[in-house]
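Accompanying notes for the structure given below.
The values are calculated or read from the model by the stated rules, or taken from the named source; none is laboratory data. Predicted, not measured: the structure shown is a model, and the values here were computed from it. All Cβ positions, glycine included, derive from the backbone under ideal geometry; neighbour counts span all protein chains shown.
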Amino acid sequence: MTLTKEKKEKEMVDAQAGPAEATMEPPADPARAGVDAQAKRIDAENLNIYYGEFLAVKDVTVEIQPNKVTALIGSSGCGKSTFLRSLNRMHELIDGARVEGSVLLDGVDIYAPSMDPVLVRQQVGMVFQQPNPFPTMSIYENTAAGLRLNRRRLKKTEVDGIVERSLRGAHLWEEVKDRLDKPAGGLSGGQQQRLCIARATAIEPEVLLMDEPCSALDPIATLAIEDLINELKRRFTIVIVTHNMQQAARASDFTGFFNIEKSGDPGQLLEIDETEKIFSNPTLKETEDYVSGRFG
Ligand SMILES: Nc1ncnc2c1ncn2[C@@H]1O[C@H](COP(=O)(O)OP(=O)(O)OP(=O)(O)O)[C@@H](O)[C@H]1O
Ligand SMILES: [Mg+2]
């Protein structure tokens, strides 16, 4: 009898702790080593991305692997951010902007008419170049901000748990645990970016898109975010845009190279492969020139 009661109580505690805690055990399947939660894959197919009449990104077909980091590199204006925003339907928030082709999230087309873009953005989260917490809102409220959009009403204790877990996951908890009620505007740039990562991960998305998340940070804060990215891929699929070649080489499993032939032309994904190959032995001369700094 006692055993059953204890078991019940443990189940309740586990349930409250949520998936991050419940998945701490080593995975049984060796092929899934290093993965805590199966995230979703993305398949973009024949994607053309427009601003009005202007074709900004042309005919991208690509597979983005789950629980891996894919870095996107390429010169300014070649469409990296545009492509990234098409993966969670943020592109269409710009007047006149539209997309042709499809983006499948584990086989489900996020552009299908029945798809709610708000739900898509909950599954495919985004972290921007400039840390953008709500500056007057508290650290706690910032972390929980995305949860408020969820339909299910959470109890205060549940939100407390998620906030702590997300801030721990973003390597920020120890620095802020005594000032959770203080405004986020009082944090350093690197801390604010980790707060934005905590906010994005609090809603447990499947995919995390990051557009130059370290470009406003110093080298120490940059390395801290890279370590964090390496841990986050245990739970999420990550796509990161970066101008920092060392960062792409250090932090990613796959690297995609975007290019434009000349100004006014659309950007294209010229080559994507394992990061090691892109940086040591890429197939195309254009890629080789870019990664070795001979471009422009
Ligand atoms: N809101 C917009 N309206 C019209 N054109 C846009 C808009 N945003 C971007 N573009 C155009 O789309 C093309 C791709 O821009 P994008 O911002 O995706 O490039 P990028 O590769 O992210 O560049 P960077 O490395 O400088 O961030 C550019 O020609 C740009 O001028
Ligand atoms: Mg950009």
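Observations
- Looking only at the range 209-239, and only at residues there that are of a type outside the set (A, V, I, L, M) and touching a Pro at 6+ places or on another chain (Cβ under 8 Å), the one that is nearest to Phe258 (Cα to Cα): Thr237
- Residue within the range 121-131 that is more than 18 Å from Pro205 (Cα to Cα), in contact with a strand residue (DSSP E or B) (Cβ under 8 Å, 6 or more places away or on another chain) and surrounded by fewer than 14 Cβ atoms within 10 Å (Cβ to Cβ) present: no
- Meets criteria (polar (S, T, N, Q) and touching a residue at least 60 places away in the same chain (Cβ under 8 Å)) for Ser252: yes
- Qualifying residue in the range 1-15 (condition: modelled with pLDDT under 95, surrounded by 15 or more Cβ atoms within 10 Å (Cβ to Cβ) and of a type outside the set (A, V, I, L, M)): no
- Residue in the range 287-295 that is under 18 Å from the mean Cα position of the chain (by Cα), within 16 Å of ligand 1 (Cβ to nearest atom) and in a loop (DSSP other than H, G, I, E, B) present: no
- All of (1) free of Cβ contacts under 8 Å to residues at least 12 places away in the same chain; (2) more than 15 Å from ligand 1 (Cβ to nearest atom) hold for Arg235 with one exception: (1).
- Glu231 being part of a helix (DSSP H, G or I) and either under 15 Å from the mean Cα position of the chain (by Cα) or more than 16 Å from ligand 2 (Cβ to nearest atom) (or both): yes
- Considering the range 84-113, and only residues there that are within 12 Å of ligand 1 (Cβ to nearest atom) and in a loop (DSSP other than H, G, I, E, B), the residue that is surrounded by the fewest Cβ atoms within 10 Å (Cβ to Cβ) turns out to be Asp95.
- Odd one out for Gln122 among (1) under 24 Å from Met210 (Cβ atoms); (2) polar (S, T, N, Q); (3) assigned to a loop (DSSP other than H, G, I, E, B): (3)
- Test set (1) over 16 Å from the mean Cα position of the chain (by Cα); (2) more than 16 Å from ligand 2 (Cβ to nearest atom) - Leu269 fails condition number: (2)
- Among the residues examined, Leu208 does not qualify as surrounded by 19 or more Cβ atoms within 10 Å (Cβ to Cβ) and at pLDDT below 95.
- Candidate set: the range 196-216, residues that are part of a loop (DSSP other than H, G, I, E, B) and more than 16 Å from ligand 2 (Cβ to nearest atom); chosen: the one farthest from Arg250 (Cα to Cα): Ile203
- Among the candidates Val103, Val124, Val118, residue that is among the β-branched types (Val, Ile, Thr), at pLDDT below 95 and within 17 Å of the chain's Cα centre (by Cα): Val118
Table: residues versus (1) in a loop (DSSP other than H, G, I, E, B); (2) more than 16 Å from ligand 2 (Cβ to nearest atom); (3) crowded, with 21+ Cβ neighbours inside 10 Å.
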{"residue": "Gln38", "(1), (2), (3)": "yes, yes, no"}
{"residue": "Glu45", "(1), (2), (3)": "no, yes, no"}
{"residue": "Ile49", "(1), (2), (3)": "no, no, yes"}
{"residue": "Val57", "(1), (2), (3)": "no, no, yes"}
{"residue": "Glu63", "(1), (2), (3)": "no, yes, no"}
{"residue": "Pro66", "(1), (2), (3)": "yes, yes, no"}
{"residue": "Ala71", "(1), (2), (3)": "no, no, yes"}
{"residue": "Gly77", "(1), (2), (3)": "yes, no, no"}
{"residue": "Thr82", "(1), (2), (3)": "no, no, yes"}
